[in-house]
Amino acid sequence: MNMIKNSLGRLVPDDMIPFQGADQIIKKNKRQLIDEIIVGGGNKPVETDMSSLFDKLNIQDGMTLSFHHHLRNGDAVLNMVLAEIKKRKLKNLTLAPSAIFPVHEPMVPLIKNGSITTIYTNYVNGPVAQAIEQGFLKGMLVMDTHGGRPRAIESGELKIDVAFIATPACDRYGHGNGVEGPSQCGTLGYAIPDLLYAKQKVLVTDHLVDRVKKIDLDGRYVHMICHIPSIGNPEGIQSGTTKPTRDPIQLRIAKNTAQLISELGYIKKGFRFQTGAGGTSLAVAQDIKHIMKEKKIVGAFASGGITNFLVSMHEEGLFEKLYDVQCFDLEAIKSYGKNKNHLMMSASEYGNPYAKPIVNDLDVVVLGATEIDLDFHVNVTTDSFGHLIGGSGGHADTAYGAKLTVITTNLMKSRLSMIKEHVTTITTPGETVDVLVTERGIAINPRRQDLIDKLKHSKLPIMKMEDLLKIAYDFTGVPKPMTQEGRLIGVVRYRDGSIIDSLYQIKGV
Amino acid sequence: MKRSLLFIPANSPAMLQNADIFGADALIFDFEDAIHPLEKDAARDLLTHYLDRFKLNDMELIVRINDKTTPYYVDDLKRVVSLPVDTIMLPKTRYEDLIELDTLLHKLEKQSKREHPLSIIPIIEKAISLFEVEKIASHHRVTGLLLGGEDLATDLEVERSQEGTEILLARQMVIYASKAYQKDAIDTPFTDVSDQEGLIKDAMFAKSLGMTAKACIHPIQIDTIHDIFSPSEKQIAYAKRVLHAEQEANDKGLGVFSVDGKMIDKPIIERAKQVLKRVKP
């Protein structure tokens, strides 16, 4: 395969669109929409096992099957489908799960024997990631963003033959939700593009009722229902209560982050905010909560994956609304069931660059990083050795959309500097990243002279990215540069469909 | 002026690496209780390399050595005089220990051609030490007294309580001795790191008695301690007005003056000066 350089100097396959800048392609092109696949109302056929379901859906070699990841590491649906693929010895399948977790280990032998040859996903870790990085996937791994995936589906770029939609509760009309039944997961935002555009849609449920109380999945789009004893393990689906970190270094980072956001004047009436579910992110939210309470500020909304912490801020009147694509914990699930301003958003409404997404309304997003470099490019896809450890999720989408994108990370972890001269893999382009906050200093992207000017008299430890890197190297020494020598195994696809970086087989494997 | 003193086990690379990022006014590198007997030499070596490699500015550097009844005492001292630190923290201090330490330090500092003599912060953690605390505070090397509440409670054969009733007298004696000689009165650490409310109560009570600083065993306690032991904006503004009014009165040759309608006398002026000394630049 021939490779060409994209605008960031990264080699990408020449038969794909190279990345040209964060908004170059979006500005030039119009939204592409295929027709929605509407089946109509009425009772839906119900199957009770995968074998008869495969027969009815006529699943064959070479098809593309999709899944959502709301059941996370408790998901049993994808694994049931994998078992049936194995039994039928199907070949050359493309899988398009919105994320892949360690629980999906049964996918590994099917990758190795050629049953699954291509994978589209937004996030992958665990044994499947290891099998792919070792070069067992015969075709390509395409790593999308949460906003890029619905764009690819609605434009027909990613054609889905069958969408298996794990549904915690559904009725005989095919209406479904995630807030009833034993396998509750809350909102079902990532399933919506699949529901609208896949050629065949089947709701897989363990809780079939006469009428669901809330309709998040519209039965008019549903072909069939598969009623099985269990769609997943609640322990893996719901993560208990997510809590702010107690780690003093991360607390320091969080405090400085909140202080920075405050000094920049973003915490004001109508504030629109997103942060993750990690301990540092929640500690930032905690500090922002104190500032909002002290200044009696009411924000317009918090968005993204919703945690109990954001729920508490909403219930205390600090955010008018919660826009929720995915509930991260039990309290968030409960809140979505009862709070009328806790609203589901589809993946497209969340981050699709052509759908005027919520991310574009954000004032501030606080994100993590596995690596960040002197050009402020961020890697959350691989580690510094090239191992697959995650993926963009909404990282690149929110970084593009928010007025202020803050990356928080420890300056060093396990004797490695988190700042690099060049990141191993670019997930999010530096032009969409504004600030890095570490425990030893804060670096502002030189593109944001307005922020630098505003913080001229700040007591926060503001310094150049190069100086922060030097501090890290004083501790760690200068690492030897890694070289990419393995074969191409996949690509990182930016939200606009262009290729921002390539993924390589791990050296020496 | 110190408000917070953070203990760091000197044998922990991860904790040393991050010791300076939490904004503590002083770091206490520990050779004593936090270090297993088999790790004492490793702690000395690691701290030596760390301080050799990294410059720590704007904070007082203290080493808590092992007390003189241990076999580590002399080796600790020999090492400390060669390090770029400011102060030795001496556990279980008796007055006679202080005199002996001073003599030994004098000799070692001379041998090592140390430019600046080391200060000493004695830990008052034995009942008997409280009967000597005034003499201890008066020593020229002593810059402050740390009350060691846990060991003192053991010596008193009582349980430590959240209210601290059992160490109230000791707290007050340490404060009185410190104030008598213008030394720092440093309060015992609050040991339940998960109880922020408890820390706030304990630190506020200590401050109300007259403590000027508090030792801490976890970085998470520092901000709270700073909030409590720093003068408030209102106190700073008042102190500035007092000193400004004093200057004006002096310029006009007035012996008596007032601020906010109240007559200002010498103790108020001194207190204003103390408040401003406690404001970190």
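Below is a table of values for the structure above.
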{"read-out": "Residue in segment B:237-250 that is under 16 Å from the mean Cα position of the chain (by Cα), more than 14 Å from every other protein chain (Cβ to nearest Cβ) and either open to solvent by 90 Å² or more (accessible area, probe 1.4 Å) or farther than 23 Å from B:Ser178 by Cα (or both) present", "value": "no"}
{"read-out": "Extreme residue, least open to solvent (accessible area, probe 1.4 Å), among residues of segment B:28-42 that are hydrophobic (A, V, I, L, M, F, W, C) and over 25 Å from B:Gly144 (Cα atoms)", "value": "B:Ala42"}
{"read-out": "Members of segment A:220-239 that are closer than 19 Å to A:Asn73 by Cβ, of a type outside the set (A, V, I, L, M) and either open to solvent by less than 30 Å² (accessible area, probe 1.4 Å) or at pLDDT 95 or above (or both)", "value": "A:Ser230, A:Gly232, A:Gly236"}
{"read-out": "Elements of type helices (runs of 4 or more DSSP H) contained in segment A:244-363, each with 2 or more residues being away from chain B (no Cβ under 14 Å), within 20 Å of A:Gly393 (Cβ to Cβ) and not polar (S, T, N, Q)", "value": "A:279-294, A:308-315, A:330-338, A:347-351"}
{"read-out": "Strands (runs of 3 or more DSSP E) wholly inside segment A:91-187 that include at least 3 residues being of a type in the set (Ser, Thr, Tyr) and modelled with pLDDT of 95 or more", "value": "A:116-121"}
{"read-out": "Selected residue (criterion: nearest to B:Gly23 (Cα to Cα)) from residues of segment B:61-86 that are open to solvent by 30 Å² or more (accessible area, probe 1.4 Å) and assigned to a loop (DSSP other than H, G, I, E, B)", "value": "B:Asp86"}
{"read-out": "Filter result for A:Phe67 (within 29 Å of A:Lys138 (Cβ to Cβ) and over 24 Å from the mean Cα position of the chain (by Cα))", "value": "no"}
{"read-out": "Count of segment A:396-453 residues which are part of a loop (DSSP other than H, G, I, E, B) and among the polar types (S, T, N, Q)", "value": "8"}
{"read-out": "Within segment B:207-236, considering residues that are in a helix (DSSP H, G or I) and among the basic types (Lys, Arg), the one nearest to B:Leu145 (Cα to Cα)", "value": "B:Lys207"}
{"read-out": "Where A:Ser392 falls short, out of the listed (1) farther than 19 Å from A:His422 by Cβ; (2) in contact with a Ser or Thr (Cβ under 6 Å, 6 or more places away or on another chain)", "value": "(1)"}
{"read-out": "Exclusive hit being at pLDDT below 95 and farther than 30 Å from A:Pro150 by Cα, set A:Thr483, A:Thr438", "value": "A:Thr483"}
{"read-out": "Index of the failed condition, A:Ile59 passing every other in (1) buried (at least 17 other Cβ atoms within 10 Å of the Cβ); (2) assigned to a loop (DSSP other than H, G, I, E, B); (3) out of contact with any strand residue (DSSP E or B) (no Cβ under 9 Å at 6 or more places or on another chain)", "value": "(3)"}
{"read-out": "Residue within segment A:486-507 that is touching a helix residue (DSSP H, G or I) at 6+ places or on another chain (Cβ under 7 Å) and within 14 Å of chain B (Cβ to nearest Cβ) present", "value": "no"}
{"read-out": "Filter result (acidic (Asp, Glu), touching a strand residue (DSSP E or B) at 6+ places or on another chain (Cβ under 7 Å) and either surrounded by 13 or more Cβ atoms within 10 Å (Cβ to Cβ) or on the phi > 0 side of the Ramachandran plot (or both)) within segment A:1-56", "value": "A:Glu47"}
{"read-out": "Filtered residues of segment A:117-146 (kept if among the acidic types (Asp, Glu) and closer than 11 Å to A:Ala99 by Cβ)", "value": "A:Asp144"}
{"read-out": "Qualifying residue in segment A:196-208 (condition: modelled with pLDDT of 95 or more, open to solvent by 30 Å² or more (accessible area, probe 1.4 Å), touching a Leu at 6+ places or on another chain (Cβ under 6 Å) and over 23 Å from A:Ile306 (Cβ atoms))", "value": "yes"}
{"read-out": "Qualifying residue in segment B:27-39 (condition: within 14 Å of another protein chain (Cβ to nearest Cβ) and out of contact with any helix residue (DSSP H, G or I) (no Cβ under 7 Å at 6 or more places or on another chain))", "value": "no"}
{"read-out": "Residue identified as within 14 Å of chain B (Cβ to nearest Cβ), open to solvent by less than 60 Å² (accessible area, probe 1.4 Å) and at negative phi among A:Thr476, A:Thr432", "value": "A:Thr476"}
{"read-out": "One residue from B:Lys240, B:Lys252, B:Lys234 being under 30 Å from B:Phe190 (Cβ atoms) and free of Cβ contacts under 8 Å to residues at least 60 places away in the same chain", "value": "B:Lys234"}
{"read-out": "Test for A:Ile419: is it under 23 Å from the mean Cα position of the chain (by Cα), farther than 29 Å from A:Asp324 by Cβ and away from chain B (no Cβ under 14 Å)", "value": "yes"}
{"read-out": "Residue match in segment A:35-54 (condition: within 27 Å of the chain's Cα centre (by Cα) and assigned to a strand (DSSP E or B))", "value": "no"}
{"read-out": "Pairs where the first residue, in segment A:285-313, is free of Cβ contacts under 8 Å to residues at least 24 places away in the same chain and the second is part of a loop (DSSP other than H, G, I, E, B) and surrounded by fewer than 24 Cβ atoms within 10 Å (Cβ to Cβ), C-beta under 6 Å, 6+ apart", "value": "none"}
{"read-out": "Residue match in segment B:167-174 (condition: open to solvent by less than 40 Å² (accessible area, probe 1.4 Å), assigned to a loop (DSSP other than H, G, I, E, B) and away from chain A (no Cβ under 14 Å))", "value": "no"}
{"read-out": "Which listed residue, of B:Leu77, B:Leu16, B:Leu108, is within 14 Å of chain A (Cβ to nearest Cβ), touching a helix residue (DSSP H, G or I) at 6+ places or on another chain (Cβ under 9 Å) and aliphatic (A, V, I, L, M)", "value": "B:Leu16"}
{"read-out": "Cross-chain or 6+ apart pairs with Cβ under 6 Å, segment B:209-222 first and more than 21 Å from B:Ala170 (Cβ to Cβ), then in a loop (DSSP other than H, G, I, E, B) and open to solvent by less than 10 Å² (accessible area, probe 1.4 Å)", "value": "B:Ile222/B:Ala24"}
{"read-out": "Residue within segment B:120-133 that is open to solvent by 50 Å² or more (accessible area, probe 1.4 Å) and closer than 21 Å to B:Arg64 by Cα present", "value": "yes"}
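So that you can scan it fast, the table gives a plain yes or no per residue for (1) β-branched (Val, Ile, Thr); (2) under 29 Å from B:Leu156 (Cβ atoms):
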| residue | (1), (2) |
| --- | --- |
| B:Ser178 | no, yes |
| B:Ala185 | no, yes |
| B:Met211 | no, yes |
| B:Ile225 | yes, yes |
| B:Ala237 | no, no |
| B:Lys240 | no, no |
| B:Asn250 | no, no |
| B:Ser258 | no, no |
| B:Ile269 | yes, no |
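The values are calculated or read from the model by the stated rules, or taken from the named source; none is laboratory data. No experiment lies behind these values; they were computed from the predicted model shown. All Cβ positions, glycine included, derive from the backbone under ideal geometry; neighbour counts span all protein chains shown. Remember, those area values only see protein heavy atoms, side chains included, never the ligands or the DNA or RNA. Shrake-Rupley method; radii C 1.70, N 1.55, O 1.52, S 1.80 Å.
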